[in-house]
Structure formats: structure tokens, C-alpha cells
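Below: one structure, written as C-alpha cells.
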Amino acid sequence: MTIFELMGGILIGFGTFGAMFWSAWRVISARGIRRWLYVGAVAFTLLGMASVSLISPPLAMFAGGGLVFCALSLIWGERWGERFLPAVQAIFGALLITGAPF
């Protein structure tokens with residue numbers, strides 16, 4: 001593993017956790033279907049991080065698929081600057097689906 005791969009993983013993890021904490025706040029402040037999409041984004045982010053820790057590619061693919069669905073739905077439903085952090089989660093989900101962390 002090169003230093004670039006290591007730093008890339010750290011940056012993606014940092015951004016993903018930041019987006020997850022923001023999504024946790026939006027679970028409290030959002031209403032309707034967006035609240036449940038944020039609940040899914042938080043749950044699938046935690047499941048994705050757990051799958052990397054457990055070195056479980058099938059679990060990572062499941063978590064990545066759910067995270068991409070929730071995050072892309074939030075990108076479509078949010079306005080302006082609130083689309084950035086769900087996009088970070090969608091990128092993390094796509095990386096989980098491709099198996100990049102393994």
C-alpha cells in the first residue's frame with residue numbers, strides 16, 4: 001500500500017463520517033420521506049464502515065447499494081449546498097460496491 005492510497009482512504013473515511021454526522025442531524029431536523037432517507041444513509045454508512053472492519057465484501061456490496069440509493073435520492077431531493085454531503089456518501093457507497101477497500 002502506497003502513501004497515496006493510505007491518504008486517499010483516510011480522506012474518504014473522514015468525509016464519509018462527516019457526512020454521516022450531518023445526516024444524523026438531518027434525521028432530527030428533516031420531515032417526511034427525507035427523514036427516512038437520512039436514516040437509511042446513516043444506517044448504511046455505519047454498516048459500510050463495519051463491513052470494511054470485518055473484511056466482508058458481500059456485506060459491503062449490500063451496504064454500498066443501499067447507501068447509493070439513499071444518497072442519490074437525497075441529492076435529487078435536496079437544494080443547493082445540501083447536496084454535497086450526500087454526494088460524498090454516494091461516492092463511498094460506489095467504492096463499497098466496486099470492492100475498492102478490499
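General observations
- The angle between the Cα long axis of helix 84-98 and the main principal axis of the chain comes to about 40°, on a 0 to 90 degree scale.
- Secondary-structure-derived ellipticity at 222 nm for the chain, considering helices only, amounts to -29000 deg cm²/dmol, per-run term -39500 (n - 2.57) for DSSP H runs with n ≥ 4.
- Per-residue extension of 0.36 nm, minus the Cα-Cα distance of Leu11 and Arg83, leaves a gain of 24.1 nm for this segment.
- Basic side chains Lys and Arg get +1 at the Cβ, acidic Asp and Glu get -1 at the Cβ, and with that the dipole of the range 11-98 about its Cα centre reaches some 260 debye.
- Dividing the radius of gyration of the alpha carbons in the range 11-98 by their Kirkwood radius gives 0.95 for Rg/Rh.
- Ranking Met49, Gly18, Leu96 by Cα position along the charge dipole of the range 11-98, where only Lys, Arg, Asp and Glu carry charges on their C-beta atoms, puts Gly18 farthest toward the positive end.
- Cβ-defined net charge surrounding Leu72, 12 Å radius [Lys, Arg +1; Asp, Glu -1]: 0
- Most mobile listed residue (Leu67, Leu54, Leu85) in the chain, GNM with C-alpha springs under 10 Å: Leu54
Values in this text are rule-based calculations from the coordinates and carry no lab data. Quantities reported herein were computed from a predicted structural model and do not represent experimental measurements. Because the Cβ atoms are built from the backbone with ideal geometry, glycine has one as well, and the counts that use them run over all protein chains shown.
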